[in-house]
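The structure appears below as structure tokens.
The values are calculated or read from the model by the stated rules, or taken from the named source; none is laboratory data. Keep in mind that this is a model prediction, so the values were computed, not measured. Cβ coordinates were reconstructed from backbone atoms using ideal geometry, including for glycine residues, and neighbour counts include every protein chain displayed.
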Amino acid sequence: MRIKLLLTAILCSVAGFAQSVNDYKAVIVPLRYDFIKTDNQYRLATLTKSNLLKAGFEAYYTNEQLPDGLTDRCQVLYIDVKRDNAFLVTKLFVELKDCFGQVVYTSEVGKSREKEYDVAYKEALDNAFASIYALHYKYSGNPVAAAKVPLAQKNTAETLAASSAIAPAAAAVKVAPANTAVAATSPDLKDPNLLYAQPTESGYQLIDKTPKVVMKLFKTSQPNVYIASKDNVQGSLILKEDGQWYFESYQNDKLVSEKIVVKF
């Protein structure tokens with residue numbers, strides 16, 4: 001009886017994942033994963049996007065301009081490819097995450113015994129995508145509503161600053177009121193200072209066109225406020241009433257505010 005209940009729970013869980021995936025119209029593909037050293041090394045970004053398109057998703061690289069209907073960063077998924085270390089076997093699996101870095105779906109592990117990385121990674125990735133193909137993805141037409149911060153993220157900026165060693169001074173930085181409802185203005189994609197947001201487990205990293213990581217963001221309980229680290233300076237990235245993002249920090253006991261052009 002217990003086994004039947006367990007199997008039922010597993011099936012319901014899988015069905016729930018599939019349904020939630022169907023509520024996202026597109027997937028954002030990073031140019032680099034943690035286990036590779038350069039952008040699109042072994043053509044992994046290209047292969048990821050190709051597989052997503054075959055699975056029925058719209059797919060865009062992080063440095064691509066999104067169409068007008070996908071301007072809300074919480075209405076798209078973010079893909080990450082993970083490597084599972086194993087002896088003589090290459091193992092890869094895929095995670096699809098929401099805008100808060102929460103895992104919506106995890107694929108089966110794809111394996112390859114090929115010795116050459118370019119061949120092994122392609123085979124392992126294709127095998128991992130077999131389980132995504134099996135979802136028979138089809139956009140539901142019901143876009144995800146403006147996302148709310150998950151309960152796991154319901155921490156204040158002060159708590160995060162105290163619990164992580166990254167920003168002891170961040171708690172002193174001015175934080176916008178929790179009920180502030182400000183929409184960010186669309187960034188100028190031709191701005192030479194434009195930064196692109198890539199989701200991480202704790203928030204985002206902002207990269208330039210090089211690409212180089214310029215700033216790291218850590219989520220707080222407010223979607224318009226991030227604890228931020230830039231050039232070893234700790235502060236906050238705040239969406240102000242003018243619809244622009246500002247990096248604020250204390251330098252020599254003075255509050256410094258720097259406008260940041262970022263595309264989420």
Answer with yes or no whether Glu258 is free of Cβ contacts under 8 Å to residues at least 40 places away in the same chain and over 14 Å from Cys99 (Cβ atoms). yes
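Would you check if Leu77 is crowded, with 16+ Cβ neighbours inside 10 Å, over 17 Å from Ala130 (Cα atoms) and not assigned by TED's automatic domain parsing to the domain that holds Glu201? Don't jump to the end; show me each part of the working.
Working: crowded, with 16+ Cβ neighbours inside 10 Å: yes; over 17 Å from Ala130 (Cα atoms): yes; not assigned by TED's automatic domain parsing to the domain that holds Glu201: yes.
For Leu77, the condition - crowded, with 16+ Cβ neighbours inside 10 Å, over 17 Å from Ala130 (Cα atoms) and not assigned by TED's automatic domain parsing to the domain that holds Glu201 - is met.
Give segment 202-212 a look and list any residue that's surrounded by fewer than 13 Cβ atoms within 10 Å (Cβ to Cβ) and either without any contact (Cβ under 8 Å) to a residue 12 or more places away in the chain or not basic (Lys, Arg) (or both), or say none.
Taking segment 202-212 first, the residues surrounded by fewer than 13 Cβ atoms within 10 Å (Cβ to Cβ) are 209-210, 212.
Thr210, Lys212 - these are the residues of segment 202-212 that are surrounded by fewer than 13 Cβ atoms within 10 Å (Cβ to Cβ) and either without any contact (Cβ under 8 Å) to a residue 12 or more places away in the chain or not basic (Lys, Arg) (or both).
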When the residues of segment 102-121 are narrowed to those that are touching a residue at least 60 places away in the same chain (Cβ under 8 Å) and surrounded by 19 or more Cβ atoms within 10 Å (Cβ to Cβ), which ends up nearest to Tyr33 (Cα to Cα)? Tyr121
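Could we say that Leu151 is of a type outside the set (Lys, Arg) and modelled with pLDDT under 90 here?
Details: of a type outside the set (Lys, Arg): yes; modelled with pLDDT under 90: yes.
For Leu151, the condition - of a type outside the set (Lys, Arg) and modelled with pLDDT under 90 - is met.
In segment 246-253, is there at least one residue being in contact with a Gly (Cβ under 7 Å, 6 or more places away or on another chain), assigned to a strand (DSSP E or B), under 30 Å from Thr38 (Cβ atoms) and not assigned by TED's automatic domain parsing to the domain that holds Pro30? Break it down into steps so the answer makes sense when it comes.
Our first condition is that a residue be in contact with a Gly (Cβ under 7 Å, 6 or more places away or on another chain); within segment 246-253, this holds for 247-249.
This time we only want the ones that are assigned to a strand (DSSP E or B), so: 247-249.
Remaining after also requiring under 30 Å from Thr38 (Cβ atoms): 247.
Retained after the next criterion (residues that are not assigned by TED's automatic domain parsing to the domain that holds Pro30): 247.
Looking for residues that are in contact with a Gly (Cβ under 7 Å, 6 or more places away or on another chain), assigned to a strand (DSSP E or B), under 30 Å from Thr38 (Cβ atoms) and not assigned by TED's automatic domain parsing to the domain that holds Pro30, one finds at least one in segment 246-253, hence yes.
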Among the numbered criteria (1) surrounded by 15 or more Cβ atoms within 10 Å (Cβ to Cβ); (2) of a type in the set (Gly, Ala, Ser); (3) more than 23 Å from Phe57 (Cα to Cα); (4) modelled with pLDDT under 90, which single criterion is violated by Ser186? (1)
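Residues to consider are Val214, Val233; find the one that is aliphatic (A, V, I, L, M) and in contact with an Asp or Glu (Cβ under 6 Å, 6 or more places away or on another chain). Step through it out loud before you land on a result.
Working: Val233 fails: in contact with an Asp or Glu (Cβ under 6 Å, 6 or more places away or on another chain).
Checking each option against the conditions leaves just Val214.
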Return a yes/no flag: does segment 212-231 have any residue that is hydroxyl-bearing (Ser, Thr, Tyr), within 21 Å of Asp39 (Cβ to Cβ) and part of a loop (DSSP other than H, G, I, E, B). no
Determine whether Ala171 is surrounded by fewer than 16 Cβ atoms within 10 Å (Cβ to Cβ), at pLDDT below 90, of a type outside the set (Asp, Glu) and farther than 28 Å from Leu96 by Cβ. no
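Each row is one residue, and each column tells you yes or no for (1) modelled with pLDDT under 95; (2) hydroxyl-bearing (Ser, Thr, Tyr); (3) closer than 25 Å to Tyr42 by Cα.
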residue	(1), (2), (3)
Leu88	yes, no, yes
Val104	yes, no, no
Lys111	no, no, yes
Glu123	no, no, yes
Leu135	yes, no, no
Lys138	yes, no, no
Val144	yes, no, no
Just to verify a result, which residue in segment 204-246, among those that are among the aromatic types (Phe, Trp, Tyr) and under 30 Å from Asn40 (Cα atoms), is nearest to the chain's Cα centre (by Cα)? Tyr204
